[in-house]
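**Q** Okay, here's the structure, questions in a sec.
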Amino acid sequence: MKDNDTTARDQWSGRIGFILAAAGSAIGLGNIWGFPYKTGVNGGGLFVLIYLFCILFIGLPVVIAEIMIGRNTQKSPIAAFAQYSSKRSPWCLVGVLGVVCSVVIMSYYSMIAGWTLNYCFKSLFRCFDGKNFQEVTQLFKNLQGTTWEQLIWHIVFMGMTVGILYGGIKNGIEKWSKILMPILFLLMIGLVLYSFIFLFQGTVQSLRFTFLPKGPLKPEAIFKAVGQAFFTLSLGMGTMLTYGSYLDKKSDIPKASVWICGLDTFIALIACVVVFPIIFQNNAEPTGGPGLVFESLPVLFNTIPGGMFFGAAFFLLLVFAALTSAISITEVSIAFVIDHFHFSRKKMSIIIGILVCLAGFPCIHQTYFGWMEYLTDLALPLGGIFISLFVGWKMPKKVTFEEFTIGNNLAKMYPVWLFLVRVFIPIILTIFMLNMFNIIPTESINAFFGFGN
Ligand code: PHE
């Protein structure tokens, strides 16, 4: 059932604009803050190998699936699911889950992004100079304990996000992605070169740690890799679907998806080569967890030549990466209200921005913050199961085949993709969910794969 809604929908100017915006969504705090610390905590190379497997066989097919639903229906998530079922169908709940996730994720994402903004200024104004590890840790704790400071940076970051969304698809999201993404790539390359020149020993050690798969595998590593793949590729909540809905009918979806996954993975791996050298060089352990970037790095920046600029550049990089992701998270809610209630984008960007900003206030409490993160870990793969089943079983094969093969000659790959979304991915993700609820213990899964402890 297709309705004849002919209201002009904003569109990307072309394939490059779309790829940069979608890569901007994917590349974010998850890559530069999350991936290195998870690689550190989960033992390095072996975790990275499993992660790459997840990106290729789970992430990439789901990216294709989401973009396909969006491009085909030209609608935001809830309406898109209704198009191939009905307005009251349970499938629409997958879209509802996406809109809820958009508010939940943004509430804490903007808080972390606020910390990075704060750290950018602190580095520039030399607030970390001469401080040892305990003192920097204390500074981070102080920030987490100071309500007004956190709230101000959170509001500033939300303001920047809304400012971009206000401009719309082509003149807002695409324009800023085209500015911020190249700067981000350049900053990243600059930081890697810096590491190679000034921290050669540490860089070699980082490369070994990141790329040489060595046991033993941490029991929960497989699940951390699946969860990370979903978060980093912005999957399971309709972000790629929404971005896909602004894509023209000529673009080649599988090729664009390979670019998005490739760029995202490249930046995540490069982030390890930026974050770890400074740690190895100082004989510290890369197992610092979520505080790695905020607690260890400023101390270590103190110990190298020009560390203050290195630090400011690093945190600026994080801000840019977070910004292009934050706009995509918030866009899911904005597209929903525009499509369903036909409100103007400009008005809705501001209203949704304020609501999401307020929803973030409770995240100054660590416990609440933790709950929101847990909800995300659960909701994204759950969304992934239903999105895969939807394209695999609910959308007509004729439609998905056509969407898959527009602009390319990849017809031979279609059955492989179809098998993955119909069978493989739903099964793997269901096992993941059962594990989250402890119905299938991690040990049994590791024993099954022969990973042992
Ligand atoms: N992919 C983003 C990151 O890596 C986060 C994100 C999650 C964005 C879900 C959109 C949707 O930081």
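Throughout, read-outs are computed from the coordinates displayed, never taken from laboratory work. Everything numeric here is computed off the predicted structure, so don't read it as measured data. Using ideal geometry, Cβ is built from the backbone for each residue, glycine included, and neighbour counts are taken over all protein chains shown.
**Q** What tally of residues in the stretch 32-53 results from selecting those that are under 30 Å from THR400 (Cα atoms) and within 14 Å of the ligand (Cβ to nearest atom)?
**A** Residues flagged as under 30 Å from THR400 (Cα atoms) and within 14 Å of the ligand (Cβ to nearest atom) within the stretch 32-53 amount to 1.
**Q** State all residues of the stretch 382-425 that are crowded, with 19+ Cβ neighbours inside 10 Å and either hydroxyl-bearing (Ser, Thr, Tyr) or in contact with a Gly (Cβ under 6 Å, 6 or more places away or on another chain) (or both); if no residue qualifies, say none.
**A** Residues satisfying the conditions are GLY383, GLY384, SER388, THR400, VAL421.
**Q** Further question: Considering only residues that are free of Cβ contacts under 8 Å to residues at least 40 places away in the same chain and either farther than 19 Å from SER388 by Cβ or assigned to a loop (DSSP other than H, G, I, E, B) (or both), which ones fall in the stretch 406-422?
**A** Within the stretch 406-422, ASN409, ALA411, LYS412 meet the criteria.
**Q** Could you list, in sequence order, the residues of the stretch 423-441 that are in a helix (DSSP H, G or I) and among the aromatic types (Phe, Trp, Tyr)?
**A** Selection gives PHE424, PHE432.
**Q** Somewhere in the stretch 183-194, is a residue of a type outside the set (Phe, Trp, Tyr), in a helix (DSSP H, G or I) and within 15 Å of the ligand (Cβ to nearest atom)?
**A** yes
**Q** Limited to the stretch 365-380, what total is found for residues that are part of a helix (DSSP H, G or I) and either without any contact (Cβ under 8 Å) to a residue 40 or more places away in the chain or within 12 Å of the ligand (Cβ to nearest atom) (or both)?
**A** 10
**Q** Within the stretch 109-127, which residues are more than 11 Å from the ligand (Cβ to nearest atom), touching a residue at least 60 places away in the same chain (Cβ under 8 Å) and not hydrophobic (A, V, I, L, M, F, W, C)?
**A** Residues satisfying the conditions are SER110, THR116, TYR119, LYS122, SER123, ARG126.
**Q** Which of the residues spanning the stretch 236-269 are within 12 Å of VAL332 (Cβ to Cβ) and hydrophobic (A, V, I, L, M, F, W, C)?
**A** Answer for the stretch 236-269, where residues must be within 12 Å of VAL332 (Cβ to Cβ) and hydrophobic (A, V, I, L, M, F, W, C): MET237, MET240, LEU241.
**Q** What about VAL258, is it more than 16 Å from the ligand (Cβ to nearest atom), surrounded by fewer than 19 Cβ atoms within 10 Å (Cβ to Cβ) and closer than 19 Å to LEU52 by Cβ?
**A** yes
**Q** Take the residues of the stretch 76-108 that are aromatic (Phe, Trp, Tyr) and in a helix (DSSP H, G or I): which is nearest to the ligand (Cβ to nearest atom)?
**A** TYR108
**Q** Going by the conditions given, is LEU300 part of a helix (DSSP H, G or I), within 16 Å of the ligand (Cβ to nearest atom) and either in contact (Cβ under 8 Å) with a residue 12 or more places away in the chain or surrounded by 24 or more Cβ atoms within 10 Å (Cβ to Cβ) (or both)?
**A** No: the conditions fail for LEU300.
**Q** Sort through GLY353, GLY311, GLY307 and tell me the only one that's more than 30 Å from PRO426 (Cβ to Cβ), touching a Ser or Thr at 6+ places or on another chain (Cβ under 6 Å) and buried (at least 20 other Cβ atoms within 10 Å of the Cβ).
**A** GLY311
**Q** Suppose we filter PHE336, PHE276 for residues that are more than 21 Å from ILE169 (Cα to Cα) and in contact with a helix residue (DSSP H, G or I) (Cβ under 8 Å, 6 or more places away or on another chain); which single one remains?
**A** Checking each option against the conditions leaves just PHE276.
**Q** For the stretch 2-17, state whether one or more residues are within 14 Å of the ligand (Cβ to nearest atom), in a helix (DSSP H, G or I) and touching a helix residue (DSSP H, G or I) at 6+ places or on another chain (Cβ under 6 Å).
**A** Checked against the condition, which is being within 14 Å of the ligand (Cβ to nearest atom), in a helix (DSSP H, G or I) and touching a helix residue (DSSP H, G or I) at 6+ places or on another chain (Cβ under 6 Å), the stretch 2-17 yields no hits at all.
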